[in-house]
Ligand code: PMV
């Protein structure tokens with residue numbers, strides 16, 4: 001599908017008012033997206049596990065208004081008006097207005113809440129933009145009921161991407177690939193697609209415990225980080241490497257090769273942070289406890305042979321990935337050895353999920 005395919009034809013229905021609610025999960029990349037060109041076009045392809053527990057629930061109450069020239073909305077976060085989130089939503093709605101011509105016809109009350117603690121250092125933009133996009137697409141589908149399910153999902157992902165790049169991987173799980181790749185049929189820079197190849201059962205139930213090392217604001221936002229990949233001395237190699245890693249992941253995912261998975265996923269995480277450390281200006285988002293945790297994971301894996309590994313986002317928190325069969329042992333290890341390195345001892349047990357769901361109000 002191209003951008004043009006997301007421009008709707010005239011709506012079949014008219015609607016005065018209504019309410020829709022969707023819950024969308026966060027996701028964790030295995031092959032990382034880092035570097036982009038306008039507007040939110042990834043410099044390299046990526047793939048992620050869709051998560052389950054870490055999610056955003058968003059409701060939109062909409063009512064037709066007289067003035068159809070301006071965008072109009074109220075925003076409530078966790079039950080309270082949230083003025084400082086409004087500019088981001090305003091920009092997003094302006095950006096997608098061409099694709100959703102009904103936006104100026106209604107006043108919206110957007111109510112949103114996260115399942116994870118506020119300012120836990122977990123990026124809520126992926127789940128937040130995905131939940132919002134699902135709500136908007138739900139409204140569009142009511143206006144245009146003949147819309148195909150595949151168009152509905154691709155367009156929801158397309159819109160979410162325009163809000164926050166990685167959000168396009170939070171629509172439909174369990175593994176989502178985003179970014180044009182010559183060996184992945186259906187892949188696109190414009191939206192995420194369910195990974196089209198065989199995935200071994202071990203990965204369908206994989207666990208991810210998020211160790212909250214640092215809950216404060218990041219010193220460098222991911223927008224700034226992505227931009228530092230322009231004129232970065234290793235950018236071209238890195239972009240190519242991401243494509244190669246996606247090729248290498250194919251037999252690993254199909255066969256359930258945990259050793260291969262660990263090597264590739266940890267290398268991707270460290271490469272992401274190496275790009276930050278070699279940008280100009282350079283920066284470090286890991287904290288001393290991030291490194292302590294990584295070393296403890298390596299030591300534990302060496303001693304027990306339990307296939308647990310880590311990955312990192314653009315922050316200090318560590319995602320611990322392991323098969324469900326090892327859950328009991330790994331969670332004891334987390335409690336005994338890793339929790340002391342987390343801020344206030346906090347972590348969140350999550351697992352691979354299946355994507356956004358509609359909540360019946
Ligand atoms: O979607 P953004 O712009 O917040 O970028 C996310 C980038 C990483 O989380 C570091 C990697 C990824 O692919 O999710």
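A few comments on the model shown:
- Options 205, 311: the member that is in contact (Cβ under 8 Å) with a residue 40 or more places away in the chain, more than 16 Å from residue 46 (Cα to Cα) and touching a helix residue (DSSP H, G or I) at 6+ places or on another chain (Cβ under 6 Å): 205
- For the stretch 64-85, the criterion of being within 17 Å of the chain's Cα centre (by Cα) and within 16 Å of the ligand (Cβ to nearest atom) is met by none of the residues.
- Test: residue 306 is surrounded by fewer than 21 Cβ atoms within 10 Å (Cβ to Cβ) and either at pLDDT 95 or above or not in a helix (DSSP H, G or I) (or both): yes
- Of all residues in the stretch 127-173, those being within 16 Å of the ligand (Cβ to nearest atom), farther than 20 Å from residue 77 by Cβ and in a loop (DSSP other than H, G, I, E, B) number 2.
- Among the conditions (1) within 23 Å of residue 356 (Cβ to Cβ); (2) within 21 Å of the chain's Cα centre (by Cα); (3) not in a strand (DSSP E or B), residue 21 misses just one, which is (3).
- Out of 236, 289, 257, 208, one residue alone is buried (at least 19 other Cβ atoms within 10 Å of the Cβ) and away from the ligand (no atom under 16 Å from the Cβ). It is 289.
- Test: residue in the stretch 103-114 that is crowded, with 17+ Cβ neighbours inside 10 Å, in the same structural domain as residue 47 (by TED's automatic domain parsing) and within 16 Å of the ligand (Cβ to nearest atom): yes
- Taking the conditions (1) out of contact with any helix residue (DSSP H, G or I) (no Cβ under 9 Å at 6 or more places or on another chain); (2) under 22 Å from residue 40 (Cα atoms); (3) surrounded by 21 or more Cβ atoms within 10 Å (Cβ to Cβ) in turn, residue 219 satisfies each one other than (3).
- Odd one out for residue 282, checked against (1) touching a residue at least 24 places away in the same chain (Cβ under 8 Å); (2) in a loop (DSSP other than H, G, I, E, B): (1)
The values are calculated or read from the model by the stated rules, or taken from the named source; none is laboratory data. Treat the numbers as computed from the prediction; the structure is a model and nothing was measured. Using ideal geometry, Cβ is built from the backbone for each residue, glycine included, and neighbour counts are taken over all protein chains shown.
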